[in-house]
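Everything on this sheet refers to the single structure shown next.
The values are calculated or read from the model by the stated rules, or taken from the named source; none is laboratory data. Everything numeric in this text was worked out from a predicted model, so none of it was measured.
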Amino acid sequence: MKQIHSALALVVFSAVLAGCATTEAQAPKAAAPAATAPAAAADAALTKAVTAALGKEAQLSGAKITVAATTDGAVTLSGSAKNEWQQYLAGDIAKKTAGVKSVKNSIKVD
């Protein structure tokens, strides 16, 4: 009889633990999409701001520079420039744009 009570207590305890583990594992999944939506909107706004800043610079005319990616303030520039000065200037302008934390300059010089 004592063994039956011990076995039953073990089964109940295991079920409780399994239920708790399932609830905790599901909670972060539900919270993740809500947390990424504002970050995605901020990244899109930063991409737009850097693109606008690059477009205002007359010395970059003829360069084909795009903001390839923006993630948490990290901006990646790609495309082509006529010379090293345009490549440098685009990176410098991107770095000075509000909200930019880092710049990866992958612009190729033609």
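See the values below:
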| quantity | calculated |
| --- | --- |
| All strands (runs of 3 or more DSSP E) inside the range 64-110 with 2 or more residues being at pLDDT below 95, among the hydrophobic types (A, V, I, L, M, F, W, C) and under 18 Å from the mean Cα position of the chain (by Cα) | 64-71 |
| All positions within the range 41-62 that are at pLDDT below 95 and not in a helix (DSSP H, G or I) | Ser61, Gly62 |
| Output for the range 32-63, where each listed residue is within 13 Å of the chain's Cα centre (by Cα) and of a type in the set (D, E, K, R) | Asp43 |
